[in-house]
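Nothing in this text is a laboratory measurement; each read-out follows from the coordinates by a stated rule. All of these numbers come straight from a predicted model, not from anything done at the bench. We place every Cβ from the backbone using ideal geometry, glycine too, and count neighbours over all the protein chains shown.
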Amino acid sequence: MTTQVRTRATADALDDAVRYLRGLQDEAGWWKGELQTNVTMDAEDLLLREFLGIRQEEETAQAARWIRSQQRDDGTWASFEGGPPELSCTVESWVALRLAGDAVAEPHMRRAQEWILAHGGVEKTRVFTRIWLALFGLWSWADLPNMPPEFVFLPKWFPLNKYNWGCWARQTVVPLTIVSTLQPVRPLPFGIDELRTGRRVKPTGAVWTWKGAFNRLDKVLHAYAKKPLKGLRQKAIDQSVAWILARQEADGGWGGIQPPWVYSLLALHLLGYPLDHPAVKKGLDGLDGFLIRESTPDGVVRRLEACQSPVWDTGLAVIAMLDAGVPADDPAIAKAADWLVGEEITVKGDWSVRRPALAPGGWAFEFANVNYPDTDDTAEIVLGLRRVAGDNPAMRAVVDRAVDWTVGMQSKDGGWAAFDADQLSALPTKLPFCDFGAVVDPPSADVTAHVLEMLAAEGKADRAPARRGIAWLLKNQEDDGSWFGRWGANHVYGTGAVVPALVEAGVDPASPPIRRAVRWLLEHQNEDGGWGEDLRSYVDVAWRGRGTTTASQTAWALLALMAAGGADAAVERGVAWLVESQEVDGSWDEPQFTGTGFPGDFYLNYHLYRIVFPITALGRYVASRS
């Protein structure tokens, strides 16, 4: 196929994709793709409603149908599409199905039970799974790590204070200290002896290690919990509740994500807040807005999104359409830009603890999350809005405030994290409580790259913040030439973000760091011409850059290669894969999860990624050939 024919076919594919994307825009101006996760969300939602006494049979049946539909032939459930079996996910799913009335002798339940027992039983599940079990008397609170509510008193200079935790973690831990202090038990009409091996869970860690020291500290905290200083404890609980209530968002949630939302509701309920209390009612009503229902041959299924991403999706959609050649004054782009301007964060949140003099600005990820804007969303939205603002002084002022806020959030090591600045200590990760998910928010390559690209586009590449960001990225390049992806899978995502940013900021495409990155991408191109990286790469380096080809990951690699130049043959093959794999409606099929919540533990399938990133890549390809 000649270059001219290829370009024409690509332009046609691009037009089809843009037409499809247009059809997904809401009347209000925003885009939002489903944020699909694993079935622990649905299992825990049923358990929450059971604990609160509000579980309904029809919603239980719908959720159970979804959970069953995700079980694999070996009886297990996974954390992501095509991933390995996951013990905690399988245990929680089994318990939820028992709640829905599935008998232990049914074949699908028996298969799950056999696999669970063969892989350590319920004793090997993560702490958060055992907390859910403890709520129903299926696990002993005495055998769980202790987190006292006095945690809220730790001063800002103390290494384990709440502002040394990632925003998602601090919002989860504060209410959980209340739940684990009250240690409620509301028995279910069934047990889980079928899942027990009888082995005792033993804390590990030599006494001279942080892990060993914290395990011994946990024994002290358990002893204190039996005879706490009553006045101090009550004051801690009161202060924790005030902290929780102050952070409830307009949609009823906390941080726009499931864990702090659920545990905050549990804490308030256990402290006597009735279900019709405004805070509790608003929280429960808000959770209903995260439910997705759809008809299947087996009946209606119901699943819960762990989060929603309208601001992020809309920012990426605007960039995609602009890169596809859609004029900046197109009604769809204008409507999206106006909506984004209205979503600007104008109040201070938890980030101001570390940056008290910094004026607010920027954007959050969700519809409602004014306490936690993030630099990643903000960088991408600035990259889009700056191309739309033109001579509009009001919009330009919003962009300027966002740039100033983002620059002010740079960490002292030169990188940018998503939500906080200078959160450089990994000490919270050593606590026995923290065996699931990232609990700190240090700078990452993907976020730093997006901010650097934004600064370069704003003409600030020669200023100190950008130069420090460049230095941070070069220092954190992997030995193999790639970059780690914190919020997307994984090294393809990180490298796909960093290379365009460095080139845009003035780093010579012929420089060794860029050529090493290009070489890594070329070495990991699949035979079909695309790229894919399995999420197992977060725990096994052998999976880096390896996996089934996906549209989003192919687009990320193409963006890097086109920015760096010198890899035309690989680019042509990648573009050909995108064109040939496009669906007739203009979209791409992508069941794989390519988004990351917690590396190694929790992953996401952004349903809009399969659209916006290929549009951006194809748009830049067509523009470069015209």
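Let me know the shape class of segment 268-346, please: from the alpha-carbon gyration tensor, a ≥ b ≥ c as square roots of the eigenvalues, rounded when a/c is under 1.5, otherwise prolate if a/b is greater than b/c, or oblate. Oblate, since a/c reaches 1.5 and b/c is not below a/b. P(r) for segment 240-391, from all Cα pairs and a bin width of 5 Å, is 2, 9, 16, 16, 15, 14, 12, 9, 5, 2, 1, 0 %, short bins first.
For the chain, the longest principal axis of the Cα atoms and the long axis of helix 57-69 meet at an angle of about 60 degrees. Under the combined filter of DSSP loop state and at most 16 neighbouring Cβ atoms within 10 Å, segment 40-80 retains these trypsin sites (Lys or Arg not before Pro): Arg72.
Each residue of segment 87-92 is assigned a 3J(HN,Hα), and the resulting list reads 5, 5, 4, 5, 5, 4 Hz, derived from the Karplus form 6.51 cos²θ - 1.76 cosθ + 1.60 (θ = phi - 60°), x at Gly and Pro.
Loop-located GluC sites (Glu not before Pro) across segment 21-65 with a Cβ neighbour count of 12 or fewer within 10 Å are Glu27, with loop assigned by DSSP.
Taking the charge dipole of the chain about its Cα centre, with +1 at Lys and Arg Cβ atoms and -1 at Asp and Glu Cβ atoms, the residue from Val407, Ser552, Gln56 reaching farthest to the positive side is Val407. Taking other Cβ atoms within 10 Å as a rough exposure proxy, Leu558, Leu270, Leu97 sort from fewest to most as Leu270, Leu97, Leu558. Around the Cα centre of the chain, unit charges on the Cβ atoms of Lys, Arg, Asp and Glu (plus for the first two, minus for the last two) sum to a dipole of about 2700 debye.
Segment 443-460 and segment 369-396 have their alpha-carbon centroids 13 Å apart.
All Cα-Cα distances of segment 38-304, cut into 5 Å bins from zero to the largest, leave 1, 5, 12, 15, 18, 17, 14, 10, 6, 2, 1, 0 percent in each bin in turn. Using only the alpha-carbon atoms, how far is helix 393-408 inclined from the longest principal axis of the chain? Give it as 0 to 90 degrees, nearest 10. Taking the Cα atoms of the chain, the angle to 393-408 is about 60 degrees. Give, as a single signed number, the net charge of other residues whose beta carbon lies under 15 Å from the beta carbon of Thr548, with Lys and Arg counted +1 and Asp and Glu -1. With Lys, Arg at +1 and Asp, Glu at -1, the net is -3.
Remark: Met395, Met454 ranked as Met395, Met454, counting other beta-carbon atoms within 10 Å and listing the fewest first. Note that segment 581-626 shows a convex hull volume over its alpha carbon atoms of 95 Å³ per residue. For the residue pairs Lys412/Lys475; Lys219/Lys430; Lys282/Lys335; Lys32/Lys335; Lys156/Lys430, the alpha carbons lie more than 23 Å apart in Lys282/Lys335. Farthest toward the positive end of the dipole of the chain, out of Trp416, Phe136, Pro297, is the Cα of Phe136, where the dipole comes from beta carbon charges about the Cα centre. Ellipsoid fit via the Cα gyration tensor, segment 1-160: semi-axes of 40, 25, 19 Å, each the root of five times an eigenvalue, largest first.
Take 527-537, 275-285 and order them by the average number of nearby Cβ atoms within 10 Å per residue, most first; the result is 527-537, 275-285. Loop-located trypsin sites (Lys or Arg not before Pro) in segment 150-201 (DSSP state other than H, G, I, E, B) with a sparse environment of at most 15 neighbouring Cβ atoms within 10 Å: Lys156, Arg196, Arg199, Arg200.
Within segment 445-517, the percentage of alpha carbon pairs spaced more than 17 angstrom apart rounds to 33%. Could you state the angle between the C-alpha long axis of helix 568-581 and the longest principal axis of the C-alpha atoms of the chain, as a value from 0 to 90 degrees rounded to the nearest 10? For helix 568-581, the angle is close to 60 degrees. Estimated from helical segments only, the mean residue ellipticity of the chain at 222 nm is -16000 deg cm²/dmol, where each DSSP H run of four or more residues counts as -39500 (n - 2.57).
All other residues whose Cβ lies under 14 angstrom from that of Leu275 are scored, Lys and Arg at +1 and Asp and Glu at -1, for a net of 0. Backbone geometry of segment 274-284 corresponds, through the Karplus equation with coefficients 6.51, -1.76 and 1.60 at θ = phi - 60°, to 3J(HN,Hα) couplings of x, 5, 8, 4, x, 5, 6, 4, 5, x, 5 Hz, x marking Gly and Pro.
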